[in-house]
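The values are calculated or read from the model by the stated rules, or taken from the named source; none is laboratory data. Since this is a predicted model, take the numbers as computed values, not measurements. In this analysis, Cβ positions are derived from the backbone assuming ideal geometry, glycine residues included, and neighbour counts consider all displayed protein chains. Accessible surface areas use protein heavy atoms only, side chains included; no ligands, DNA or RNA. Shrake-Rupley method; radii C 1.70, N 1.55, O 1.52, S 1.80 Å.
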Amino acid sequence: MYESALRGWLLGNCGESTLHFRTVKYTDCVLAVRCYLSPLSTSKSWLSTKASLLGDKNILLMGAPGAGKTTVGRIVARRLGLPFIDVDDDVLEAAWKMPVAAKLSAVGGECFLEEEGQALCGFSASGCVVSLTGSNPLHAAAMRRLKESGVVVYLDVDGEDIMRRLAGMKVNRIVGQEAGESMRDILRHRKPFYEKWLDVRVLCGRGAAAEEVAERVLDAVERYRDRAADTFVSTRSAGVASSDPKTHFSDVVIEGLATDGGLYVPKRGFPNMEAREWLRLVDMSYPERALVLLEKCIHPSDVSALDLRTMIFKAYGSNFSSEAVAPVKHLDRNQYVQELFHGPTASFKDLALQLMPQLFAHCLPQMCNYLVLVATSGDTGSAVLDGFGGLGAGADRTGVLVFFPEEGVSETQKLQMTGHEDGNARAVGVRSDFDFCQRSVKRMFGESGLTGHLAVEYGTVLSTANSINWARLLPQVVYHSSAYLDLCRDGVITFGEPVDVCIPSGNFGNAMSAVYAKQMGVPIRKVICASNHNRVLADFFATGEYDLRGRPLTPSRSPAIDILKSSNLERFVHHVSDGDGRLVGELFTRLDARQHFRVAEPLLRRMQQEVLAGWCSEGDCLAAVQRVHAQTGYLMDPHTAVAKVVADRLQDGSCPVVLCATAHYGKFAPAVFEALRIQDIPEDPVEQLRRLASTASAPAAHGGVMKCLEERGRAGHAVCRADYALLVEEVERMIQDSFLRVV
């Protein structure tokens, strides 16, 4: 009755075209009727469009007390022409017939949470902007009900801003705060509850104004609703017609390689974060940083915020020997080492491959088996086997087959891989080099006859976990960002000051992820690409000519970068050419056919603006290991030594440089013994690791590698000739052994 009368009055005085009307109900009674009168001018027509995209769903603003939910909510509602509901004022006080503060005082904190939750369970609204209370997320049943009604937007506000606002509001105690518990402690306690229920996060820089936060809320809701904004294209795509199906994150995780032979990249590039947002991350842990950054890069329709949080905290937990995950240590003068070897297999690949298999299993379609094919120069193989070995759901439908150069990896690397033999995972040695292994894997993906046969005969689809897979590359952006944030936290730099990053490079994935970190807003000045004597990358960045004709791959003491054909270079050329897929396709098709291409001079200059490249001889590599050990007591592996030599030559000393320590020295013990000129080397790899650790002040022996070698010993494994047909046979045999034959 009241609703009808009010509607009649509004229609009579305002007209139908300007009326935006919603009814808010509590159980069977009309609790509050709100209207918003907003004649929308033609110039603001996008607002009505944005509102219509929401349909009858609510925008639910969630955050700590003092986060500014009410102020921001009113602005958002005004901008969208929607009703605004404040749960405190319009729901709780209306239901209780008393102020919220009085209710809390009357019943106490524990009873208050239950009564507040019960009130919310009986609340319904549609098409509104709703400001939740800071304690609503502590009641699971109420939040489940609210979440069904709309999009939960978490206002992740800086703690100092919250404390200042609460002090201004003269709030000295909030719901759930026990005697003797500080306000900071209770806010810290609540954060996991907020992260449990959020759909999208709005990360607010310190001092962000309400209007600015409201704009970010609108952007976040728009992105949440418009999944098409987060699509991927091939590096070789000359333009995708609007009628073509969209390729989303969940697609590229499973497919790995684009159908035209290119690599997937985000169509709109990486999201850029401003300085105030980055500063919020300085005091966060590595998993917390990863969560914020990856939420911005993975659409919640592909992986929800809660699922992503669960995966990240599993990936970067007790399986890493350092609580910091990827700590940064001072080495000498302006040089710092980021230790990327604290994961279970002691290489930087763990930073991606403890997470990527979880993403793969999450996105895995039903009704198919998947065989993950991997070509490795050593470290990827063991990291893939370990990462996929830890899967729960999806493990029975996922097999892993690793091809590695039989004579092109260290003995420890080989033991790590071959010791993983089980029903759904194995490693096969190939009497050739990494480039042959990688070329063969790519060829399998490109042969429709083979992939069709495997799909029809065995119900099995091929995928990959090499860095050509976007989900392998993306997590690496986090540790480059984290290194910079650590330097800020430790007072080495202030945010905005530049750093260089020097990376031992073979397949260019690690270097490419640093380029992407820079695109997100990390102030990286130069990415320095460090090669060993297989210096195809150094030559390319010097001349613009990528030439494999007559160039043999020469084994080195840094075997993980013994690579001539760098797959991720394709992503870099796509990046510096402003997404010119036609050009990229021409260049890399020519490389496949003729083993050679050259870029134009203007493009070469753009490349050189972002990347410096150099190389290191075997003698210089070993000398660097010995010199750094003698001067500092720090023991580097040969790959890190390559980075050290190249950084010494190319970096001008005007800013800090971070050397990526991509592997633990224990994986390359013979080379390190040679560098240190130690005689009487033990034959047993376990004893080798112990001996080296006793000579170094840092880093300590890697417990994961030690345990792996102690438990596995020497395992037999399959070895095949450098014959593509034989590798195909290994694929089919693996499928037959792993999955039930389709009848």
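Exactly one residue out of ILE524, ILE493, ILE503 is surrounded by fewer than 20 Cβ atoms within 10 Å (Cβ to Cβ), at pLDDT 95 or above and not hydroxyl-bearing (Ser, Thr, Tyr): that is ILE493. Looking at segment 304-319 only, could you name the residues that are surrounded by fewer than 20 Cβ atoms within 10 Å (Cβ to Cβ) and over 26 Å from ARG223 (Cα atoms)? Selection gives LYS314, GLY317, SER318, ASN319.
Rundown of residues vs (1) under 22 Å from LEU487 (Cβ atoms); (2) aromatic (Phe, Trp, Tyr), yes/no style:
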residue: VAL599; (1), (2): no, no
residue: GLN608; (1), (2): no, no
residue: VAL611; (1), (2): yes, no
residue: SER617; (1), (2): no, no
residue: GLN626; (1), (2): no, no
residue: ASP648; (1), (2): yes, no
residue: ALA661; (1), (2): yes, no
residue: PHE668; (1), (2): no, yes
residue: GLU674; (1), (2): no, no
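A single entry from GLY343, GLY389, GLY399 fulfils the requirement of being modelled with pLDDT of 95 or more and farther than 16 Å from ILE468 by Cα: GLY343. Residue-level check: of (1) under 15 Å from CYS437 (Cβ atoms); (2) small (Gly, Ala, Ser); (3) crowded, with 24+ Cβ neighbours inside 10 Å, SER558 misses just (1). Can ALA238 be described as surrounded by 16 or more Cβ atoms within 10 Å (Cβ to Cβ) and either modelled with pLDDT of 90 or more or closer than 24 Å to ILE468 by Cβ (or both)? Spelling it out, it is not the case that ALA238 is surrounded by 16 or more Cβ atoms within 10 Å (Cβ to Cβ) and either modelled with pLDDT of 90 or more or closer than 24 Å to ILE468 by Cβ (or both). Per the listing GLY544, GLY550, the residue uniquely open to solvent by 20 Å² or more (accessible area, probe 1.4 Å) and either at pLDDT 95 or above or farther than 26 Å from ASP648 by Cα (or both) is GLY550.
Which of the following residues is open to solvent by less than 20 Å² (accessible area, probe 1.4 Å), in contact (Cβ under 8 Å) with a residue 40 or more places away in the chain and in contact with a Ser or Thr (Cβ under 6 Å, 6 or more places away or on another chain): GLY429, GLY509, GLY459?
Just one listed residue meets the conditions, GLY509.
Would it be correct to say that SER301 is over 17 Å from TYR194 (Cα atoms), polar (S, T, N, Q) and crowded, with 17+ Cβ neighbours inside 10 Å? No; evaluated as a whole, the condition is false for this residue. One residue stands out in segment 172-185 among those that are out of contact with any Gly (no Cβ under 6 Å at 6 or more places or on another chain) and surrounded by 14 or more Cβ atoms within 10 Å (Cβ to Cβ): the one that is modelled with the highest pLDDT, namely MET183.
Applying the set (1) more than 27 Å from PRO266 (Cα to Cα); (2) in contact with a helix residue (DSSP H, G or I) (Cβ under 9 Å, 6 or more places away or on another chain); (3) surrounded by fewer than 24 Cβ atoms within 10 Å (Cβ to Cβ) to LEU391 leaves exactly one unmet item: (1).
Here VAL501 fulfils each of the conditions (1) in a loop (DSSP other than H, G, I, E, B); (2) farther than 25 Å from ARG439 by Cα apart from (1). For first residues located in segment 591-615 and surrounded by 18 or more Cβ atoms within 10 Å (Cβ to Cβ), partners that are assigned to a strand (DSSP E or B) and modelled with pLDDT of 95 or more and lie 6+ apart or on another chain with Cβ distances below 6 Å form the pairs PHE597/TYR546; VAL611/VAL527; VAL611/CYS529; LEU612/LYS526; LEU612/ILE528; ALA613/CYS529; TRP615/SER531.
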